[in-house]
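**Q** Okay, here's the structure, questions in a sec.
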Amino acid sequence: MVNNFSETIMRCNRYIIAAPLLLSMAGILSISGIAYNNGTFPSREVFIQSAALLTGILMAAAVLKLGCRYFIALEKYIYLFSIVFLLSVYVPGLGTSFYGSRSWLDLGFLTIQPSEFVKLAFVIVMAGFLSRSSPCLNSASGIAKAALYGMPFIIIVAKEDFGSGCVFCAIWLFMVFCWGLELKIIGRLALASAVLMPLFYYFLAGYQKERIDAFLHPENLELAGNYQVWNSKAAIGSGGLSGKGYLNGTQASLDFLPVPESDFIFASTVEEFGFIGGFAIILLFAILIYHTLKTARYSTDLQGTLICAGFTGMFAFQSFENIAMNMGIMPVTGITLPFMSYGGSSMLASMTGIGFILSVSCRQKL
């Protein structure tokens, strides 16, 4: 059995293994540096992130061993469990709020963010549905069914965490596009979304509206979010070409940069390692996304293609949004930078997602 598993790993795309591990180690290095500068090293954050990485590797190995088809066969049960799991944040005494959104479960000794794990379930559920929908999706009724199938996830998540809701939308779009949805239909969907955008804004929570207002008026530092973006851009700019050096960052250590170990970890990393460090991070994400798409293209079945497409959408959108908001070119959201941002739920979900991609990779066509 050990030999068979070793052979399975050898057939996997090595870039998809190396890129997440390098990003994860860079993230732990940055989190450790922030803790050291704050005089709290070794900190709880460093321990949790390291433990989450090791656990995530084991979960990825388990998924690789079982294969993605095992989970797609349980699609109906996963669908129902995911809806219940998302709604559990409303249970009194169990659900808790951070930064204005009720998206966490407080278990006493740790907190869990259900939406991070439900992203995995969403990819599995949509892959199962879309693989059964061929070839009827390129019609009004077909696209409506696909939208309604994923709508419960998006509505429940977006109600409390609009940023995570956007991640679910990105996953859905990537999957229907790689399924083969006609470009003219995608264009109509994009046009309809643009027309309905003012209506979406009306239903947003107060703190969510403030973040969008801040993005539209970046010169007004009185608006919530602009102060942290200005300090984020200052951190990135002060890093120069090669950075100030490890443990020499000032924006995070002097508390000018909020949540530097999570939302603004890219800015705190670039301050210390400069343009070279920032470029290396972006390059690693580009390598991961490229080889995930390559795996999708050469998958032996449609389900494998769709699973890789879903995780491409997840990693591509999250990395773009997080890095862009650090640079002030996208609104501030609570979206983490995969593998790097502090958060056990995010790390576990991201590494498990890599396990699904590898399970497709090891069986792809040569």
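**Q** Could you please state how large a percent of the accessible area of the stretch 158-285 is carbon and sulfur, counting protein chains only and using a 1.4 Å probe?
**A** It is 70 percent, rounded to a whole number.
**Q** Next question. Compute the length gained on full extension between residue 294 and residue 90: take 0.36 nm times their separation in residues and subtract their Cα-Cα distance, giving the result in nm to one decimal.
**A** 69.4 nm
**Q** Then there is this: Which of the peptides 295-301, 82-88 is most tightly packed, and how do the rest follow, going by the mean number of other Cβ atoms within 10 Å of each residue?
**A** Going from most to least packed, we get 295-301, 82-88.
**Q** What translational D, rounded to a whole number of µm²/s, comes out for the stretch 131-190 from Stokes-Einstein when the hydrodynamic radius is the Kirkwood one over Cα pairs, at 4 °C and 1.567 mPa s?
**A** 108
**Q** Projected area of the stretch 45-119, taken from the Cα convex hull and averaged over every viewing direction, in nm²?
**A** Mean projected area of the Cα convex hull: 6.1 nm².
**Q** Sum up the charges of everything whose Cβ sits under 10 Å from the Cβ of residue 335, counting Lys and Arg as +1 and Asp and Glu as -1, but leave residue 335 out.
**A** Charge balance in the 10 Å sphere: -3.
**Q** Among 274-286, 30-42, 69-81, 343-355, how do they line up by average Cβ neighbours within 10 Å per residue, starting with the highest?
**A** By packing density, highest mean first, the sequence is 343-355, 30-42, 274-286, 69-81.
**Q** Which residue, chosen from 220, 181, 276, occupies the Cα position most advanced towards the positive end of the dipole of the stretch 122-280, where the dipole is computed from +1 (Lys, Arg) and -1 (Asp, Glu) charges on Cβ about the Cα centre?
**A** Result: 181, furthest along the dipole toward the positive end.
**Q** Would you compute, from DSSP H runs of 4+ residues alone, the mean residue ellipticity of the chain at 222 nm, taking -39500 (n - 2.57) per run and dividing by the full residue count, rounded to the nearest 500?
**A** -23500 deg cm²/dmol
**Q** I would also like to ask the following. Using the crude model of +1 on Lys and Arg Cβ and -1 on Asp and Glu Cβ, and no other charge, please compute the dipole size for the chain relative to its Cα centre, in debye to 20.
**A** 1340
**Q** State, as an integer percentage, the relative contact order of the chain based on alpha-carbon contacts under 8 Å between residues 6 or more apart.
**A** 29
**Q** Which of the peptides 153-161, 304-312 is most tightly packed, and how do the rest follow, judged by the mean count of other Cβ atoms within 10 Å per residue?
**A** Most protected by this proxy first, the peptides run 304-312, 153-161.
**Q** Note down the net charge around residue 266, summing +1 for each Lys or Arg and -1 for each Asp or Glu among other residues with Cβ under 14 Å from its Cβ.
**A** Neighbourhood net charge equals -4.
**Q** Also, quick follow-up: Starting from the Cα of residue 244, draw a straight line to each of the lysines and keep only those under 24 Å, dropping any in the same chain fewer than 8 residues away.
**A** Here the lysines satisfying the reach criterion relative to residue 244 are 233.
**Q** Between residue 70 and residue 44, what FRET efficiency comes out of the Förster formula 1/(1 + (r/R0)^6) with R0 = 45 Å and r the beta carbon distance, rounded to 0.05?
**A** 0.80
**Q** Further, regarding this structure: Just how large is the dipole of the stretch 19-161 about the Cα centre, in debye to the nearest 20, putting +1 at every Lys and Arg Cβ and -1 at every Asp and Glu Cβ?
**A** With only Lys, Arg, Asp and Glu charged at Cβ, the dipole is about 420 debye.
**Q** Shifting gears a bit: Assuming 0.36 nm per residue, please report the length gained on full extension of the stretch residue 196 to residue 141 beyond their Cα-Cα distance.
**A** 17.8 nm
**Q** Around residue 257, with a cut-off of 11 angstrom between Cβ atoms, what is the net charge of the other residues, counting Lys and Arg +1 and Asp and Glu -1?
**A** Once positives and negatives cancel, what remains is -3.
**Q** For the stretch 1-131, build the convex hull from the C-alpha positions and give me its volume per residue in Å³.
**A** Output value, Cα hull per residue: 162 Å³.
**Q** Toward the positive end of the charge dipole of the stretch 75-178, about the Cα centre and with charges on Cβ (Lys, Arg +1; Asp, Glu -1), which of 93, 103, 168 goes farthest?
**A** 168
**Q** Same structure, new question: Run the reach check for residue 76 against lysines, Cα to Cα strictly under 20 Å, same-chain hits fewer than 8 apart removed. What comes back?
**A** Hits, sequence-local ones excluded: 119, 145.
**Q** How far is the Cα center of the stretch 25-55 from the Cα center of the stretch 112-173, in Å?
**A** For the stretch 25-55 versus the stretch 112-173, the Cα centre distance is 33 Å.
**Q** So, one more: If DNA, RNA and ligands are ignored and the probe is 1.4 Å, what is the ranking of 272, 222 by accessible area, most exposed first?
**A** 222, 272
**Q** Next up: HN-Hα J couplings of the stretch 59-75 from phi, Karplus 6.51/-1.76/1.60, θ = phi - 60°, integer Hz, Gly and Pro as x?
**A** Once rounded to whole Hz, the list reads 5, 4, 5, 5, 5, 4, 5, 6, x, 5, 5, 4, 7, 5, 5, 9, 3.
**Q** Please compute the per residue accessible area over the chain with all protein chains in place, 1.4 Å probe, rounded to a whole number of Å².
**A** Using a 1.4 Å probe on heavy atoms only, each residue of the chain averages 47 Å².
The values are calculated or read from the model by the stated rules, or taken from the named source; none is laboratory data. Keep in mind the model is a prediction, meaning the values are calculated, not measured. Quick reminder, even Gly has a Cβ in these numbers, built from the backbone with ideal geometry, and neighbours come from all protein chains shown. The accessibility values were calculated without ligands, DNA or RNA, using every heavy atom of the protein model including side chains. Shrake-Rupley method; radii C 1.70, N 1.55, O 1.52, S 1.80 Å.
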